[in-house]
Every structure is written in C-alpha cells, then in structure tokens.
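To keep things clear, I will list the structure first and then write my remarks on it.
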Amino acid sequence: MEALKEKGINPGLAVIIVGEDPASQVYVRNKERACDECGIYSEKYALPKETTQEELLNLIDKLNKKNDISGILVQLPVPEHIDEKTVINAIDPKKDVDAFHPVNVGKIMVGNYDFVPCTPAGVMELIDESGIDVSGKECVVVGRSNIVGKPQAMLLLHKNGTVTICHSRTKDLKAKTKNADILVAAVGIPNFITGDMIKEGAVVIDVGINRLENKKLCGDVEFESAQKVAGAITPVPGGVGPMTIAMLMKNTVKAALVNKTK
Ligand code: NAD
C-alpha cells in the first residue's frame, strides 16, 4: 500500500448501509476491518431504515464527486421503499467496486472489464490459485442471480469452460450437477447439494452462506457427504466468504488507479 501511496494512488472506500439487517451489519464490519488491515482509507455511512431514496441518492452523488473516495459500495439489500436498481445506477461506474452497475455488467459480458463482482472474482481466484485449468471443463453454476450466478457463469466462460447455468426451474438438476467437473453452488438453501449429486473428483465451490436456527453458518453444499466424492471442496465458513472481501480490497485499489487516469 505504501508503494501505491508514493505513486499518488490513494484508495478510499465508502460503505453505505441502510437499516439494521444483522447479516449486513456483520458484512459491513468485516469490510471495514479488511480496509484497516490493508491500510485502505474507509468511510462508513450507517443510515437509519427510514432514509428516503432521495437522501440516499444525494449521498451517492456527493461520494461520486469526492476525490478521496475511489470506491462506493451500498450494502444490499436496501429497505423495500428504496429501489435497488435506481441506487446501483446512481453509482459512478468508475467507483462501482461491486461491479453491479449495468455499464460494468456489460463490460463483463464482452470480456473487457475493470471490476468483477467480488464473490465470482473470489471463486475464480480460488480456482486459479489451486492450479485448476477451466478450459474445456464442464462447469455447472447452480443459481442465476445478478450478483453471483450470472457473472460467475460468464467468468468461467471467459476461461473457456463449457458452462451450464441451473436455477429453480431446472429439470433433473442432479443429472446436470453430476456432469460437472467444476460445480459452483450459489442457491441460498442449506445443504442443498449432496454427495450423490457430485461427480467423483469434481471441484466443488460453495458460495452459500446460510444461518441455521442454532446460529451456525452453513453452505449450500452438504460438506460431509460432498467431501467424500469431491476432488477439491471449499468449506463454509472460511472458503469463498474471505475471498469476497479480499476481492473488494483489490477492486478498491483498482478503482484508485482507474479514477487517477479518468
Ligand atoms: P439469490 O436468492 O439471489 O439466488 C438464488 C438462486 O438459486 C436463484 O437464481 C434461484 O433460481 C436458484 N435456486 C433457488 N432454488 C433452487 C432450486 N431448488 N434448484 C436450483 N436452483 C435454485 O441468492 P444469491 O444472492 O445469488 O446468493 C446465493 C447464496 O450465496 C446465498 O446463500 C448467499 O448468502 C450467498 N452469498 C455469499 C457470498 C459470499 O461472499 N460468500 C456473497 C453473495 C451471496
């Protein structure tokens, strides 16, 4: 970080949270902590749940113009009276470290991007760092959200994987998952993918973060049965979650570079 600062590149992250959703509070706290650990300047805006959409948009506009802020993140979900799409569209695409703005989504589609959404980026980093070659592999992504499933599929495609996206209307899911060399689960249902749905030796990446009634965290993959079949598998907690935060730090530094040259 010091080397960057000597070059006049000063990353700064603004994190906005509206309301008191407990999971969101934890995520925001973790992001602030990561900034501190990396020496990245950060500002937190904790707004009451009654905040109007106009007030939120005014804050985003102010941060878009603020020179010491290179990245802006609005923790989702926002309260129901605020339109999520309008909020995402208001963030300057050059400061959009979550890469949710349609400009950045489009750039990912054509394979010419500055920012990649943090969770799919973290998954790709795990795959890369583990020396797994995606090219020509059967990749199955379970989940088609804008935040995880869709960009994940696109990133695997850019690495020349043969990608199948499965979702809530997919017929015979097991036949699809059983065919996967690389299986990414982003469903949001605890222990949804079981060992009998996994091909012997497959790489299994569990994006899910689900809180059980006993307060324990668990993924979308039933770890016990899956690990017996998988060639490699990520745990929850301690797998994709920390990678997501690491990628946010990377995007914030990238944003400082992008904004310096804007
Ligand atoms: P989402 O609810 O927006 O999407 C879930 C997807 O699962 C949908 O596309 C839906 O079609 C699919 N689905 C639902 N039921 C299904 C079924 N029976 N069969 C097949 N597909 C089905 O969720 P999301 O935002 O993509 O998040 C998914 C999970 O990942 C959640 O547990 C979330 O908490 C977690 N998550 C983790 C991180 C991280 O940092 N690790 C980041 C974002 C989300």
Could you grab the pairs with beta carbons closer than 8 Å, sequence gap of 6+ or different chains, first residue in segment 41-59 and crowded, with 17+ Cβ neighbours inside 10 Å, second one among the β-branched types (V, I, T) and part of a loop (DSSP other than H, G, I, E, B)? T51/I82; L56/V78; L56/I82
Could you list, in sequence order, all residues of segment 158-182 that are outside any loop (DSSP other than H, G, I, E, B) and of a type in the set (A, V, I, L, M, F, W, C)? V163, I165, C166, L173, A175, I182
Within segment 95-107, which residues are more than 15 Å from the ligand (Cβ to nearest atom) and either surrounded by fewer than 20 Cβ atoms within 10 Å (Cβ to Cβ) or assigned to a loop (DSSP other than H, G, I, E, B) (or both)? H101, P102, V103, G106, K107
Flagged in segment 113-143 as within 15 Å of the ligand (Cβ to nearest atom) and either aliphatic (A, V, I, L, M) or open to solvent by 20 Å² or more (accessible area, probe 1.4 Å) (or both), in numbering order, are V116, T119, A121, V123, M124, E125, L126, I127, V140, V141, V142
So which of G238, G188 is within 14 Å of the ligand (Cβ to nearest atom), without any contact (Cβ under 8 Å) to a residue 40 or more places away in the chain and assigned to a loop (DSSP other than H, G, I, E, B)? G238
Look through segment 15-57, keep the residues that are polar (S, T, N, Q) and within 20 Å of N251 (Cα to Cα), and return whichever of them is farthest from the ligand (Cβ to nearest atom). S42
Checking N146 against (1) more than 11 Å from the ligand (Cβ to nearest atom); (2) open to solvent by 10 Å² or more (accessible area, probe 1.4 Å), only one condition comes out false. Which one? (1)
Does any residue of segment 199-216 turn out to be assigned to a strand (DSSP E or B), of a type in the set (A, V, I, L, M), open to solvent by 20 Å² or more (accessible area, probe 1.4 Å) and within 9 Å of the ligand (Cβ to nearest atom)? no
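The values are calculated or read from the model by the stated rules, or taken from the named source; none is laboratory data. As the structure is a computational prediction, the values presented were derived from the model and not from experiment. Note that each Cβ is placed from the backbone with ideal geometry, even for glycine, and that neighbours are counted across all protein chains shown. Surface accessibility is based on the protein's heavy atoms, side chains included, excluding ligands, DNA and RNA. Shrake-Rupley method; radii C 1.70, N 1.55, O 1.52, S 1.80 Å.
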